[in-house]
Amino acid sequence: MKRAIAMCGAFAMLLALSVTALAQKGANFAGTWELDKSKSQLPGRQAEMIQSVTWTITQDTNQISRDQKMERNPNAQGPGGPPPGAGGPPPGGGRGGGMGGMMGGGPLTVKLDGSESKVENERMKSATKATWQGSVLEIKTEATFNTPNGEMTTTTTEHWELADGGKTLKVHRVAESPRGPQESTWVFTKK
């Protein structure tokens, strides 16, 4: 009887460790995703200026990468381009400026082991870290930009989550800059 109880205990522990390992692995976001503006919650100016956004995401056990392509609405009048980081810097990548900057656009590559990915050049330096919260991926970036008015620091936090059996990608983004916080929810459909 003691042996059976010990075996059940060992089995329960193995099962718990397996479930924990699966939860830490997270979701697989790989694929091509198109923004569904009708389901997204974008600040007014962004919603007006964006015609379409496509994300191409690749992912393996070590890292996740995102390439963003955006088409601007030709009928929208732009503000002349926001200051760097107005909507968050592109974590792990170069800065595209203009609308890409408002959207946290540009390339993104971040490690999935919890270590920081750093980028530094003459215009900016940033540190990005990704952590799993179950199947939700949190990507947090702190960036400092050199501007004509001196240095400016922004912090962007994104939560990526799959829905509808993996057919929908929801990204909740909070960007904090000297202009104040900006919150948005991006809903993408898998192509």
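The values are calculated or read from the model by the stated rules, or taken from the named source; none is laboratory data. For clarity, every value in this text was computed on a predicted model and none was experimentally measured. Backbone-built Cβ (ideal geometry, glycine too); neighbour counts: all protein chains shown. Ligands, DNA and RNA are stripped out before the accessible areas are found, and what is left, the full protein with its side chains, is counted by its heavy atoms. Shrake-Rupley method; radii C 1.70, N 1.55, O 1.52, S 1.80 Å.
Within segment 167-186, how many residues turn out to be farther than 29 Å from Met152 by Cα and of a type outside the set (Lys, Arg)?
At the first step, the residues of segment 167-186 found to be farther than 29 Å from Met152 by Cα are 167-169.
So of that shortlist, the ones also of a type outside the set (Lys, Arg) come out as 168-169.
Result for segment 167-186: 2.
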Would you tally the residues in segment 47-65 being part of a strand (DSSP E or B), crowded, with 16+ Cβ neighbours inside 10 Å and over 16 Å from the mean Cα position of the chain (by Cα)?
-> 1
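Can we say Pro83 is modelled with pLDDT under 50, open to solvent by 20 Å² or more (accessible area, probe 1.4 Å) and assigned to a loop (DSSP other than H, G, I, E, B)?
Numbers: modelled with pLDDT under 50: yes; open to solvent by 20 Å² or more (accessible area, probe 1.4 Å): yes; assigned to a loop (DSSP other than H, G, I, E, B): yes.
Against the criterion (modelled with pLDDT under 50, open to solvent by 20 Å² or more (accessible area, probe 1.4 Å) and assigned to a loop (DSSP other than H, G, I, E, B)), Pro83 qualifies.
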Only one of Glu151, Glu138, Glu122 is assigned to a loop (DSSP other than H, G, I, E, B) and of a type in the set (D, E, K, R); which?
-> Glu122
Give just the number: which of (1) closer than 21 Å to Val53 by Cβ; (2) touching a Gly at 6+ places or on another chain (Cβ under 9 Å); (3) of a type in the set (Lys, Arg) does Lys118 not satisfy?
-> (1)
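One line per residue, one yes/no per condition, for (1) open to solvent by 40 Å² or more (accessible area, probe 1.4 Å); (2) at pLDDT 95 or above:
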| position | (1), (2) |
| --- | --- |
| Ser126 | no, no |
| Asn149 | yes, no |
| Val171 | no, yes |
| Gly180 | no, no |
| Lys190 | yes, yes |
Hey, Thr58 hits all of (1) at negative phi; (2) at pLDDT below 95; (3) not charged (D, E, K, R) but one; which does it fall short on?
-> (2)
